[in-house]
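Undergrad: Starting off with a structure, shown below.
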Amino acid sequence: MGRWSAMSTGRGLLLLAVVLPACHSFFVPLPSLSPPSPLWLRKRTGTCAASRNSDGSVGGDPRHSMVKKARDMSVAELKEELKARHGIQPETSDKRADLVDKLQKLRDPRSRQSGAHGKSGRKPRGIGGGVRGADPAAEKSWARFCCYYQKQLESLGEDALGEMFEALLRPLPVTFRVSEVREVGGGGKGTSLTDRRLEVRRKVEELLSSGQDESDAPQVNRVLQQLEWYPNGAAWQLNLTPMAMREAPFRKLQEWLVGESEAGRIWRQEAVSMVPVLLLEPKPGMTVLDMCSAPGSKTSQLLEGVTAPLPGERVCRGAVVANDADIARAQMMVHRCKALRSPNLVVTCYQGQSFPRLQVPTSHSHLPKVTPSARETSPSGATRPLAPTLLGGGDAMEGSDANSEDQQGRCGDEWRNVSFDAVLCDVPCSGDGTLRKYVVHEGLVAPKMRWHPDRGNRMHMVQLGILEKGLDLVKVGGLIAYSTCSLNPIENEAVVAALLEEHGAAVELVDAHHDLRSRGLDTLPGICTWLVPDKNDVGVLFDTFEEVPQSRKAKEQRKAEGYAGLVESDGDVEERRGLYKTMFAPEEGKGMCLSQCVRILPHTQDTGGFFIALLRKKSPIKALRFSVHAASKQRGGGGEESSVEARDGSCKDDGDSDDEDEDDEDEDEDEDRTTYYSVREVAGGREVLDSMRDFYQLSQDFPESHLVARSKRMSQIRYVSPEVASLVQARGSDGSSLTISTAGILAFQNKRWEQDRVRHRLCMEGLCAIEPWMGSRRKLRLGLDLYNQLLTQRDLPLDQVPGAESLEVGTFACSLETGQSNGGGRDPWALVCWRGGHKVLLFADKQESESLQRALAERGDDGGK
């Protein structure tokens, strides 16, 4: 037996000696997936030898070690750990078993598996699965993630990389900003942004203090932190984890934040997500395009900058075109932005890289033109228009299509091209910078992570196509902000470098890095060199495109090089996952100045990972290359990948709204739902306008041209800005009509009751725009007690409402008597009511009523006097 074993061993060694060298010539040796093993990484991933079980498996069930440790602790120690590590103040009635159970819920994410991503249960892109305990597959993905970025971001140094990985395993703090739109033009005390900001701070401090002992009073200042770099001090950070917000004593604060967010007075938004719009600096009267807008946080920022009357005007000028490829996500964004009540919003549904070049009729003479010299310079050196420039000047015929002779001849004197003042390209991405959103407990890879570097490779051409299309649509001198929530240079610097390489004469990088640092934001410059991962082998990273085998290149790249020797087994997959030359770092000495891009890493100031590049268009581009290619690869609605941020939130119903149905159920089914008509140009529209002017006592200078309807039946009439009124009648360069989901705000609805004389009644959503033009015949002002009673009961007997009996049956505007005039602007207390035969009914949903009641409580018993 011993002799046979020796012979077998000798033969086995001889076989290995012959086979291994032969195998080496066919396979590329792969580095280990596990990164080098500093102590911080071994502790987090459980890959060190000391953490392995006796059977060789990695780690174990985290619940057992946690519960055993808790049982060895005293009650005082348990309370101290809950308070120090999780920000939770235990209640005095909590027993030992209750304290251990709380630790169980906090440290074991399996107990919170359901509802981790909202009611829809959809998994975010870039991170696989819901919130679960760490498993071997998640640990392998995390190790792959760390290994990849140790090589890509090697210039940071080992210490900084360690801090970044540690930060990614901590839950993200809660951040929000104060909305400015609801206060624009509003009269009375407490309606300015400054007063609103002070009210928010006072309310948050009150809610924080209400759950703390007197000895914990200094903790309030540690929890509530103002983001100093955000303008006007309107953004805040709560140094609490989302899980801690759901526990006592912060539950009331959580409820208040949700209510104010639904009312549109504050916006829950990640801190780094606020940065791209700050660089664009939107101003009243500008026309801005948001190419990938859902879920709407950045769109709301753009609206806040654009929605304000220019000096000496009562009408809000400008427009924000919010585009998204997914109709469902576009509707979710409409729901979120609805609370802002901005007439400047247009929502479209296109693939970003195939957004059409728009043309509007030249007959819209109310749209002013601005010469290229009529601009002002911002502190950052960017040019800003002094007035809207929807109908472009010298660059109105930009782009490859617009520059052709037949296009100019076809336009003639009837149609003119649209040029945008600024374009935001917050593109879909792999989203690996948002990992912190899905960490339940510090120190544990809570999500069932499924990360692969090829996700960035697959998004590269789509992102490049969207950015190039944005460059084509912006006017000469306009700004483009490109941003992702990814750390991957293939999605960031590589996209910017490829655009500069192709259109270097027409575009330049703006130094956003030093601009943000001057504002107090801790940023890092963009990197100039990086590696490109192989599409199949995770451990293989290419330094130059010349190193890439032909079989690893994308199909289009091989065709461009004249290579046809490879038989495709799956053309679509190969086309999507192959490597392109544009993914690689540019050669040294090309002067692209990629260091002017901005990188925000999680450990620098307790945020998520983010990338921003600011570009300025210098001249029209000659031809589109990447946007045509990317559009051909993505067919149908929605991209293959979308950012994690774009999956946040869920669309909820408005509740039992009495006056605003979600969209025209009464519309003719055979009509084009993407087309809008000017009410005064529709058959019978003149009679409708005259009846509304007489009944609601609208002033003679009321802008009738701002009223549009989707159906010729005029079931719903919407109020829009002058620029939006032109955009809704725009067409593409090929003559096709613009695909519009919604525009402006709902002002009137055709739901006449038998007693009503006028066909259309007022709607709460558009009252802010219509009420300043109404006469006293259709307005009432109530005292504080009666106003509060109306909000609570939602209907009052007619004889209890002073002045209501003298009103004609129908809808009217009801507001709070504050003793001050709103100066012809928005009245923040205005409500839509209906005067019936015996009662006065409130036509505002419960959410709006509760929001106004909270606002009254914050302003005290004087009602804001």
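Undergrad: Spelling out what I want: for every residue of region 720-734, take phi, set θ = phi - 60°, compute 6.51 cos²θ - 1.76 cosθ + 1.60 (Karplus), and round to whole Hz; glycine and proline get x.
TA: Once θ is set to phi - 60°, the couplings for region 720-734 become 10, 6, x, 5, 5, 4, 7, 5, 5, 9, 6, 9, x, 5, 8 Hz.
Undergrad: Once phi is turned into θ = phi - 60°, what whole-Hz ³J(HN,Hα) does the Karplus curve with 6.51, -1.76 and 1.60 give for every residue of region 152-169, x standing for Gly and Pro?
TA: Result, rounded to whole Hz: 5, 10, 4, 5, 5, x, 5, 5, 5, 5, x, 5, 5, 5, 4, 5, 5, 9.
Undergrad: May I pose another question? How much net charge surrounds Arg519 when only other residues with a Cβ under 12 Å from its Cβ are counted (Lys, Arg +1; Asp, Glu -1)?
TA: So the surrounding residues net to -3.
Undergrad: Amide H neighbours of Gly478 under 5 Å, counting only residues 5+ apart in sequence or on other chains, H built in-plane at 1.01 Å?
TA: It is Lys617, by chain and number.
Undergrad: Then there is this: Please list, in order along region 246-252, the HN-Hα scalar couplings obtained from phi with the Karplus expression 6.51 cos²θ - 1.76 cosθ + 1.60 (θ = phi - 60°), rounded to whole Hz, x for Gly and Pro.
TA: For region 246-252, the Karplus-derived couplings read 8, 9, 5, x, 9, 5, 5 Hz, x marking Gly and Pro.
Undergrad: Using packing as a proxy for protection, rank 538-548, 834-844 so that the peptide with the highest average count of other Cβ atoms within 10 Å comes first.
TA: Highest-to-lowest ranking by the protection proxy: 834-844, 538-548.
Undergrad: Over 32 Å between Cα atoms: which of Lys151/Lys555; Lys283/Lys469; Lys95/Lys252; Lys79/Lys846; Lys79/Lys252; Lys140/Lys252 fall into that group?
TA: Lys79/Lys846; Lys140/Lys252
Undergrad: Related question: Given points 7 Å out from each Cα along the Cα-Cβ axis, report the Leu798 to Leu784 separation in nanometres with one decimal.
TA: 3.1 nm
Undergrad: Could you tell me which residue out of Leu738, Gly803, Ile770 lies farthest along the dipole of region 725-805 toward its positive end? Charges go on the beta carbon: Lys and Arg +1, Asp and Glu -1, centred on the Cα centre.
TA: Leu738
Undergrad: Amide H neighbours of Thr241 under 5 Å, counting only residues 5+ apart in sequence or on other chains, H built in-plane at 1.01 Å?
TA: Amide H neighbours of Thr241: none.
Undergrad: Further question on the same structure: Which percent of the accessible heavy-atom area of region 286-364 goes to carbon and sulfur, probe 1.4 angstrom?
TA: Roughly 59 percent of what the probe reaches on region 286-364 is carbon or sulfur.
Undergrad: Report the far tail of the P(r) of region 193-303, meaning the percent of Cα-Cα pairs longer than 21 Å.
TA: Roughly 43 percent, once rounded to a whole number.
Undergrad: For Thr287, enumerate residues with amide H under 5 Å from its amide H, sequence gap 5+ or separate chain, H modeled in the peptide plane.
TA: Here the answer is Ala319, Thr389, Asp421, Ala422, since their amide H atoms fall under 5 Å of that of Thr287.
Undergrad: In this model, which of Lys338/Lys839; Lys338/Lys437; Lys475/Lys618; Lys298/Lys618 are farther than 19 Å apart at the alpha-carbon?
TA: Lys338/Lys839; Lys338/Lys437; Lys298/Lys618
Undergrad: I've got another one for you. If packing is taken as the average number of other Cβ atoms within 10 Å across a peptide's residues, how do 475-485, 767-777, 290-300, 796-806 rank, most packed first?
TA: Ranking, from highest mean packing down: 290-300, 475-485, 767-777, 796-806.
The values are calculated or read from the model by the stated rules, or taken from the named source; none is laboratory data. Keep in mind the model is a prediction, meaning the values are calculated, not measured. Neighbour counts run over all protein chains shown; Cβ positions are idealised from the backbone, glycine included. Surface accessibility is based on the protein's heavy atoms, side chains included, excluding ligands, DNA and RNA. Shrake-Rupley method; radii C 1.70, N 1.55, O 1.52, S 1.80 Å.
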